[in-house]
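Trainee: The structure is given below, and queries will be raised subsequently.
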Amino acid sequence: MRRRLALAALAAVLALAPGVPAFAADPTPAPSGDPLLTAKIDAAIANATSYRIAVAGPAGLTLDIREFGPDRVKISTGGATPSESIVVGTSMYYRAGGGEWKAYPVPPVPRMRRNRLYMGAPDTLLEPLADRAEGAETLGAFRAVAAGNGLLPGTMDCTYDKFTYRPRACSVLLRGMGSPLQVSYAGWDDPANAVEPPSGVAAPLPLPSASPGPRAPN
């Protein structure tokens, strides 16, 4: 049971898994896309040494996600059942409610894809929207296809810095959700985002290697 919870937490790196309330109207149809804008946003995320993502959703759901380097992530989940998950390479550490840490082997988290946004549907393009004013600053905006855990479809409207192309905030609406999730990005390249395994917890044994299978006859 605890292992299933740990692996479910790992899925939050790429998608969110809230309880789905009564069905609402379907989100806006999937947008068409701009390959150049998509490439610039993806590059801005991929080239950052670290960043933080904050997620706020229905029923007090909160997520604090720290991405550090290519294969280190820490996820802290708030709400009725708080938990922490740390992924370092192919090792995952999980604890619920401040309890004991448990270690599990996991497959590498895939990163090489188009659309690197949190909850962004893999290999989809971003559709430019009109610029938006935020105080005295003008931000770029786009619409993207979203995917929740279980591949619930939806859309997200996001803003981004027009100089760095780093995303600022997204409003995400999945099918079946009565209100959107609010996702914000901050702490770019901050060394304080460093992610380390919990002290005193042994790393798990790695997953067994896949068998190459029988060789084809000559």
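The values are calculated or read from the model by the stated rules, or taken from the named source; none is laboratory data. All values reported here derive from a predicted model rather than from experimental measurement. FYI the Cβ positions are ideal-geometry reconstructions off the backbone, even for glycines, and counts take in every protein chain you see.
Trainee: Taking the options P198, P128, P191, P167, name whichever one is in contact (Cβ under 8 Å) with a residue 40 or more places away in the chain, more than 27 Å from P58 (Cα to Cα) and in contact with a Ser or Thr (Cβ under 9 Å, 6 or more places away or on another chain).
Mentor: Exactly one residue qualifies, and that residue is P191.
Trainee: Quick test of your reading of the structure: S179 fulfils all but one of (1) out of contact with any helix residue (DSSP H, G or I) (no Cβ under 7 Å at 6 or more places or on another chain); (2) exposed (fewer than 15 other Cβ atoms within 10 Å of the Cβ); (3) not in a strand (DSSP E or B). Name the failing condition by number.
Mentor: (1)
Trainee: Given the conditions (1) modelled with pLDDT of 95 or more; (2) part of a loop (DSSP other than H, G, I, E, B); (3) closer than 17 Å to P197 by Cα, and given that P108 satisfies all but one, which numbered condition is not satisfied?
Mentor: (1)
Okay, residues lined up against (1) surrounded by fewer than 19 Cβ atoms within 10 Å (Cβ to Cβ); (2) of a type outside the set (D, E, K, R):
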| site | (1), (2) |
| --- | --- |
| A39 | yes, yes |
| T49 | yes, yes |
| V55 | no, yes |
| D64 | yes, no |
| V73 | no, yes |
| A121 | no, yes |
| L139 | yes, yes |
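Trainee: Output yes when any residue across the stretch 146-162 is aromatic (F, W, Y) and either loosely packed, with under 15 Cβ neighbours inside 10 Å or in a loop (DSSP other than H, G, I, E, B) (or both), and no when none is.
Mentor: Looking through the stretch 146-162, none of the residues is aromatic (F, W, Y) and either loosely packed, with under 15 Cβ neighbours inside 10 Å or in a loop (DSSP other than H, G, I, E, B) (or both).
Trainee: Show me the strands (runs of 3 or more DSSP E) found entirely inside the stretch 1-100 where at least 1 residues are hydroxyl-bearing (S, T, Y), farther than 28 Å from D189 by Cβ and modelled with pLDDT under 95.
Mentor: In the stretch 1-100, no matching strands (runs of 3 or more DSSP E) lie anywhere.
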